[in-house]
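To start, the structure itself, in structure tokens.
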Amino acid sequence: MSKIHVIDHPMIQHKLTIMRDKETGPKDFRQLLNEISLLMGYEITREIPLEEVEIETPICKTTAKRVLGRKMAIIPILRAGLGMVEGLLDLVPVAKVGHIGLYRNEKTHEPVVYYCKLPEDIDDRFVIVTDPMLATGGSSCDALQMLKDRGCTNIKLMCLVAAPEGIKKVQEAHPDVDIYVAAIDEKLNENAYIVPGLGDAGDRIFGTK
């Protein structure tokens, strides 16, 4: 069974509280999401392997550590997942970015695929899938399966807020994919929105409602 990692650093909790407030506008919402994504990125990349290299400081030669290889990919689930990309790129500027486009059918609440563009060597990369809201888990499960179908074996899912229902679905469908979140909320409502949640992340990021 995959692990669920709740990254509840005080600064993340503080910023998330401001994001939840319905009075927070798109500009601040985007900035806070970017900042939280950067902070979460420190934990999600904690296990990246290192190698020892010899360098010369202004004082002397020494042995130090650096990241072994630079093959990482960030795959946002469109459109809300885009809001988490910049923070991760600030941390790992050399990462490649792919895109998976999914939207939720408002009647069935099931995800519908409309776009997929990935790095050619995606199967050889450490992949972070981003989506601020893990609600039903349908979109995340479909995106993870699309990546696995293309040969990906080292994948992590990074979300801001998750519902227990979504976590359960992802863990059952993809027991090999660890999930990183800033908060686990109470439940889903009758419209499959997270309670208390923060509303529609895509609309709040881009100011479309």
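Residues of the range 68-90 with an amide N closer than 13 Å to a point placed 7 Å from the Cα of residue 114 along the Cα-to-Cβ direction: 78-80. Residues in the range 36-153 average 54 Å² of solvent-accessible surface per residue, probe 1.4 Å, ligands and nucleic acids excluded.
Listed values for the range 155-166 are Karplus-derived 3J(HN,Hα) couplings in whole Hz (6.51 cos²θ - 1.76 cosθ + 1.60, θ = phi - 60°), namely 10, 10, 9, 10, 10, 8, 10, 10, 9, x, 5, x, and x replaces Gly and Pro. In the assembled protein chains, residue 136 presents an accessible area of approximately 40 Å² (probe radius 1.4 Å). Placing unit charges on each Cβ (+1 for Lys and Arg, -1 for Asp and Glu) gives the range 42-137 a dipole about its Cα centre, and among 122, 73, 133 the Cα reaching farthest toward its positive end belongs to 133.
A Förster radius of 45 Å, combined with the Cβ-Cβ distance separating residue 65 from residue 206, puts the computed FRET efficiency at roughly 0.70.
The slack between residue 165 and residue 103, meaning 0.36 nm per residue of separation minus the straight C-alpha distance, is 20.5 nm.
Assuming charge only on the beta carbon of Lys and Arg (+1) and of Asp and Glu (-1), the dipole of the chain about its Cα centre is about 240 debye to the nearest 20. The simple spin-label model puts a point 7 Å past each Cα toward its Cβ; for residue 121 and residue 23 those points are separated by 5.0 nm. Loop-resident GluC sites (Glu not before Pro) (DSSP state other than H, G, I, E or B) in the range 16-125 with no more than 13 further Cβ atoms inside 10 Å of their Cβ: 23, 47, 106, 120. A 1.4 Å probe, protein heavy atoms only, puts the accessible area of residue 3 near 130 Å².
Applying a DSSP loop filter and a limit of 15 other Cβ atoms within 10 Å to the GluC sites (Glu not before Pro) in the range 148-209 leaves 186, 190. Computed on the range 55-116, with alpha-carbon pairs under 8 angstrom and 6+ residues apart, the relative contact order is 27 percent. In order along the range 23-36, the phi-based Karplus estimate (6.51 cos²θ - 1.76 cosθ + 1.60, θ = phi - 60°) of 3J(HN,Hα) comes to 7, 6, x, x, 4, 5, 4, 4, 5, 5, 5, 4, 5, 5 Hz; Gly and Pro are listed as x.
Per-residue Karplus couplings for the range 94-105, computed as 6.51 cos²θ - 1.76 cosθ + 1.60 with θ equal to phi - 60°, are listed in order as 8, 5, 8, 10, x, 9, 10, x, 9, 10, 9, 5 Hz, Gly and Pro entered as x. Overall, the accessible surface of the range 44-87 at a probe of 1.4 angstrom is composed of carbon and sulfur to the extent of 52 percent.
When only Cα pairs under 8 Å and 6 or more residues apart are kept, what is the percent relative contact order across the range 1-89?
Values: 65 pairs, mean separation 24.1, N = 89.
Over the range 1-89, the number comes to 27 percent.
Over the chain, Cα pairs under 8 Å with separation of 6+ residues give a relative contact order of 24 percent.
Taking amide hydrogens as placed 1.01 Å from N in the peptide plane, the amide H of residue 78 sits under 5 Å from those of 100, 101, 102, each at least 5 positions away in sequence or on another chain.
Distance between the 7 Å Cα→Cβ label points at residue 150 and residue 172: 2.7 nm.
The values are calculated or read from the model by the stated rules, or taken from the named source; none is laboratory data. Just so you know, these numbers come straight off a predicted model, no measurement behind them. Positions of Cβ are generated from backbone atoms using ideal geometry, with glycine treated the same way; all protein chains shown enter the neighbour counts. Just the protein is used for accessible areas: all its heavy atoms, side chains included, with ligands, DNA and RNA removed. Shrake-Rupley method; radii C 1.70, N 1.55, O 1.52, S 1.80 Å.
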